[in-house]
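A short write-up of the structure that comes next.
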Amino acid sequence: MKPLRWGVLGATAHIAGRVLPALHRTAGNAVVAVASRVGRRAAAEEVARPFGARVHDGYDALLADPGVDAVYIALPNTQHVPWTLRSLDAGKHVLVEKPMALSEEDCVRVERAAADLVVMEAYMYRFHPQQARAAALLASGEIGELRVVRSAFAYPTAVEGNIRFDPALGGGATWDVGCYAFDVPLWAFDAEPRSVRATFHSREVDLSAVATLDFGDGRWALLDYSLEYGPRAAYEFQGTRGSISVRNAWTRPDEEGLITVVTLDGVREEVVPASDAYEHQAAAFAEAVRERVTPLVSPAHSARTARVGQALVRSAATGAEVDLRRRP
């Protein structure tokens, strides 16, 4: 099987240090080229060395490389859309770090530009076996009808020199850890909420948030996320007859998953063996390219997630509930 040949934009980013090795060691994938900003060739060469990858001066040079089939984008948030569009225009499939975009409108632009190419937002946890098991348990009906989703993702983060705290680069908790937290109820309910309400603790950017999402008919999501406290990374599904709790939704590659199911019949725990979510993501992406199918995290899902993120930001700014049934 011919491997999917990957090029990487933003190869010196922290997240790229986790994704690149996973890409390269996953069957059907190979990292063949990297690029960082013009003038940082030495840093890019250091990243490329373990993979025997080519080094390009600047991102455009990599997109012009005919030996690259797919591009992984690990750039700051505000650069995701322009470089995704340029990558698609160059005929490359795209795996872009979350958030794909900071607006629903930009996600739609990306989807339209993709045509027959695969483009996917990198929510790696969605591909982990723990996530698949939690989804299967929910679908089984064991806990009855889903009523409440509780989701939290938080960890204290150093501010100095960190782009997460730069408003010009799309920084802030909502577009960093928050989008994981509200992605969970969106796929669990498989719906967009009717309305949202959020409160932020902010300085130059939002640092922490609590939020409620109303899905109607007595169905809710309760969220908290933060860059200033933690660590916490968990979600829970509360149904009419029980609950499913995932202790660590965003596991490390060496960390077992733990799912707790509580019903009127008792309590049980299921252990999910440790594995690398980034490897599962890489394998799924390559399969989507080979089979020409829509990936698990589709551009339509990304547009929905971005719309909710926008609404949370608007709610926090105005102090009012935002009705998503009304288009701005």
### Task
Identify all residues within region 185-204 that are in contact with a helix residue (DSSP H, G or I) (Cβ under 7 Å, 6 or more places away or on another chain), of a type in the set (D, E, K, R) and more than 14 Å from ASP224 (Cα to Cα); write none if there are none.
GLU192, GLU204
#### Entry: Total residues in region 66-84, condition crowded, with 18+ Cβ neighbours inside 10 Å and under 21 Å from ARG5 (Cβ atoms)
10
### Query
If a residue has to be without any contact (Cβ under 8 Å) to a residue 12 or more places away in the chain and buried (at least 19 other Cβ atoms within 10 Å of the Cβ) to count, how many in region 155-206 make the cut?
0
### Task
Return yes or no: is PRO66 in contact (Cβ under 8 Å) with a residue 60 or more places away in the chain and either over 16 Å from GLU279 (Cα atoms) or touching a Leu at 6+ places or on another chain (Cβ under 6 Å) (or both)?
no
### Task
Look at ARG5 and say whether it is closer than 30 Å to ASP254 by Cβ, of a type in the set (D, E, K, R) and open to solvent by 30 Å² or more (accessible area, probe 1.4 Å).
yes
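Yes/no per residue for (1) under 22 Å from PHE237 (Cα atoms); (2) charged (D, E, K, R); (3) in contact with a helix residue (DSSP H, G or I) (Cβ under 7 Å, 6 or more places away or on another chain):
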residue	(1), (2), (3)
PRO99	no, no, yes
ARG112	no, yes, no
ALA136	yes, no, no
GLU142	yes, yes, no
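Could you list, in sequence order, the residues of region 277-323 that are among the polar types (S, T, N, Q), in contact with a Lys or Arg (Cβ under 9 Å, 6 or more places away or on another chain) and closer than 21 Å to GLY216 by Cα?
Matches in region 277-323: THR305, SER315.
Against the condition open to solvent by less than 50 Å² (accessible area, probe 1.4 Å), closer than 23 Å to ARG252 by Cβ and either without any contact (Cβ under 8 Å) to a residue 24 or more places away in the chain or not hydroxyl-bearing (Ser, Thr, Tyr) (or both), how does ALA114 come out, does it pass?
no
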### Query
Filter region 272-320 for residues that are in contact (Cβ under 8 Å) with a residue 40 or more places away in the chain and of a type in the set (Asp, Glu); which is most open to solvent (accessible area, probe 1.4 Å)?
GLU287
### Query
Of the residues that sit in region 121-154 and are under 21 Å from ALA211 (Cα atoms) and open to solvent by 50 Å² or more (accessible area, probe 1.4 Å), which one is farthest from the chain's Cα centre (by Cα)?
ARG147
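Has region 193-209 got at least one residue that is closer than 26 Å to PRO299 by Cα and part of a loop (DSSP other than H, G, I, E, B)? Working first, answer last.
Of all residues in region 193-209, those closer than 26 Å to PRO299 by Cα come to 193-198, 206, 209.
With part of a loop (DSSP other than H, G, I, E, B) added as a condition, the list becomes 193-194.
Yes, there is a match, as at least one residue in region 193-209 is closer than 26 Å to PRO299 by Cα and part of a loop (DSSP other than H, G, I, E, B).
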### Query
Quick check: anything in region 100-112 within 19 Å of ALA35 (Cα to Cα) and within 22 Å of the chain's Cα centre (by Cα)?
no
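Across region 11-70, which residue is modelled with the lowest pLDDT among those that are part of a strand (DSSP E or B) and of a type in the set (S, T, N, Q)?
Start the filter on region 11-70 by keeping residues that are part of a strand (DSSP E or B), which leaves 29-36, 54-57, 70.
Now narrow it down to the ones that are of a type in the set (S, T, N, Q): 29, 36.
Details: ASN29: 96, SER36: 79.
Residue satisfying both the conditions and the ranking: SER36.
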### Message
Quick check on my filter: what residues within region 11-47 are surrounded by 15 or more Cβ atoms within 10 Å (Cβ to Cβ) and closer than 17 Å to ALA64 by Cβ?
### Response
ALA11, VAL32, ALA33, VAL34, ALA35, SER36, ARG37, ARG41, ALA44
### Task
Provide a single number: the residues in region 207-241 that are of a type in the set (Phe, Trp, Tyr) and open to solvent by less than 40 Å² (accessible area, probe 1.4 Å).
4
### Message
Restricting to region 239-269, count the residues that are within 25 Å of the chain's Cα centre (by Cα) and either touching a residue at least 60 places away in the same chain (Cβ under 8 Å) or not in a strand (DSSP E or B) (or both).
### Response
15
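The values are calculated or read from the model by the stated rules, or taken from the named source; none is laboratory data. These figures come from a predicted structure and were not determined experimentally. With ideal geometry, Cβ positions are generated from the backbone for all residues, glycine too; neighbour counts draw on all protein chains shown. Please note that ligands, DNA and RNA were not included when accessible areas were found on the heavy atoms of the full protein model with its side chains. Shrake-Rupley method; radii C 1.70, N 1.55, O 1.52, S 1.80 Å.
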